[in-house]
Amino acid sequence: MKILVRIFISLIGLLMIIYFVGGPILYWVGDETFANVTSFRREGGEMDIAIRNTYKYGIGYEFTVNGQLFSGTSTVIGDSIYVKGSDQWTIVVKYLKSFPKINLPKDDTKFSIGNVIGTLLGLFVIYAVNQKNNN
């Protein structure tokens, strides 16, 4: 039973690493296209940060690759008067050419310190759960 728990927690650490490294990798190796924004809505109330009237917005988007339709979602931060544009509102999306279901808006693929922290946390989880106790 103990080995199954270690394997499960190690898989969680591995998924964390893939999640936090995947975006920046997609930025460099992914293909780029335009996607039509299909949904736009405010999520929750005003954010509790120093800048007043700041809200999170959820967006849904669709794009076509080789005649096949793919979709995705993302969260953007805007102010209280962040209004959706016309019916032809588009964003730039990065996707894997071999598997377009893996896609992100280009703004979400940029490298940040959060990627480093998340990757290190995933590595720590794997290390900690597989550490041999000398007791």
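The values are calculated or read from the model by the stated rules, or taken from the named source; none is laboratory data. All of these numbers come straight from a predicted model, not from anything done at the bench. Cβ coordinates were reconstructed from backbone atoms using ideal geometry, including for glycine residues, and neighbour counts include every protein chain displayed.
In table form, for the structure just shown:
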| quantity | calculated |
| --- | --- |
| Options V129, V116, V92: the member that is assigned to a strand (DSSP E or B) and either within 19 Å of L11 (Cβ to Cβ) or of a type in the set (A, V, I, L, M) (or both) | V92 |
| Among (1) at pLDDT 90 or above; (2) in contact with a helix residue (DSSP H, G or I) (Cβ under 7 Å, 6 or more places away or on another chain); (3) part of a helix (DSSP H, G or I), the one test that L104 misses | (3) |
| Out of L15, L4, L26, L11, sole residue that is of a type outside the set (K, R), at pLDDT 90 or above and crowded, with 16+ Cβ neighbours inside 10 Å | L26 |
| Near pairs, Cβ below 7 angstrom, 6+ apart or cross-chain, from region 1-30 (of a type in the set (S, T, N, Q)) to any residue that is surrounded by 14 or more Cβ atoms within 10 Å (Cβ to Cβ) | S10/I126; S10/V129 |
| Residue match in region 60-79 (condition: among the charged types (D, E, K, R) and at pLDDT below 90) | yes |
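Let's see how each residue does on (1) farther than 28 Å from T33 by Cβ; (2) surrounded by fewer than 16 Cβ atoms within 10 Å (Cβ to Cβ); (3) not aliphatic (A, V, I, L, M):
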site	(1), (2), (3)
P100	no, no, yes
N103	no, no, yes
D107	no, yes, yes
G122	yes, no, yes
A128	yes, yes, no
